[in-house]
Structure formats: structure tokens, C-alpha cells
Amino acid sequence: MLVPGDDAFDEVRQVWNARIDREPAAILRATGPADVIAAVNIARLNDLPLSVKGGGHHVSGSAVCDDGLMIDLSRMNGVRVDPEAATARVEAGATWG
């Protein structure tokens, strides 16, 4: 969990569109589904606005809310390919890179 003033807070809240400069009350850096569930419950129980940042390309800026809880999925960036089944599983924080 990051809050304003933490070292990585400003870097993590940034999105690709530099015109977006919103500041959430806190950022939860999810590493798995349990973290996402906890963040949604925290926001709901505290009546906080909630936003979700995947890879950071949100042109509209909807990935970052003011005065609410932002879920950062960038650490959930795994990609698993099963060539035999011809399937791929991609986590929500993955980017084209």
C-alpha cells in the first residue's frame, strides 16, 4: 500500500497520458487476485472511489482517481503460453513489452 509522500507513490500513480495528474488517497499494489479482492472490499466498506491501473495506457485517465483507492496491477504481469492447447493466459498488468 502506498500513500502520498511514499517514495514510489508519484511514479506508480502516473499513466502514459501525462495530461492526467490525479492523486488517489492510497494505491494498493496487487500481486494476485486476493489483493484485488481485498482492495475492492476496502473501497466498498469505506465508500471510496475506486480505480484500476493495468498497464498504464489509460488515455482517458480512468486508471487514476482523486481521493480514492487505486489498484495497481503492474506487478501482475505474467504471461503463460501453452503451445499444445494453443492458449495463452495473460495477467491484467501485462504490457505489449
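The values are calculated or read from the model by the stated rules, or taken from the named source; none is laboratory data. As the structure is a prediction and not an experimental result, all values here were calculated from the model. Don't worry about glycine lacking a Cβ; one is built from the backbone with ideal geometry, like all the others, and counts go over all protein chains shown. Accessible surface is based on the protein model in full, side chains and every heavy atom, while ligands, DNA and RNA are left aside. Shrake-Rupley method; radii C 1.70, N 1.55, O 1.52, S 1.80 Å.
Quick check on the stretch 5-25. Is at least one of its residues assigned to a strand (DSSP E or B) and surrounded by 13 or more Cβ atoms within 10 Å (Cβ to Cβ)? No, there is no match, as no residue in the stretch 5-25 is assigned to a strand (DSSP E or B) and surrounded by 13 or more Cβ atoms within 10 Å (Cβ to Cβ).
Working only within the stretch 57-71, note down all residues that are of a type outside the set (Ser, Thr, Tyr) and either touching a residue at least 60 places away in the same chain (Cβ under 8 Å) or surrounded by fewer than 18 Cβ atoms within 10 Å (Cβ to Cβ) (or both). Answer for the stretch 57-71, where residues must be of a type outside the set (Ser, Thr, Tyr) and either touching a residue at least 60 places away in the same chain (Cβ under 8 Å) or surrounded by fewer than 18 Cβ atoms within 10 Å (Cβ to Cβ) (or both): 57, 58, 59, 61, 66, 67. Within the stretch 62-97, the set of residues being in a loop (DSSP other than H, G, I, E, B) and under 19 Å from residue 8 (Cα atoms) comprises 63, 64, 65, 66, 67, 68, 73, 74, 75, 76, 77, 93. Residues in the stretch 10-52 that are in contact with a Leu (Cβ under 8 Å, 6 or more places away or on another chain), under 19 Å from residue 93 (Cα atoms) and of a type in the set (A, V, I, L, M, F, W, C): 11 in all. Which residues, counting only those in the stretch 26-51, are open to solvent by 70 Å² or more (accessible area, probe 1.4 Å) and touching a residue at least 40 places away in the same chain (Cβ under 8 Å)? 31, the sole residue that qualifies.
Pairs linking a residue in the stretch 72-97 that is within 30 Å of residue 2 (Cα to Cα) and open to solvent by 70 Å² or more (accessible area, probe 1.4 Å) to a residue that is in a loop (DSSP other than H, G, I, E, B) and among the aliphatic types (A, V, I, L, M), with Cβ atoms under 9 Å and 6 or more positions apart or on different chains, are 75/30; 77/92; 77/94; 79/94.
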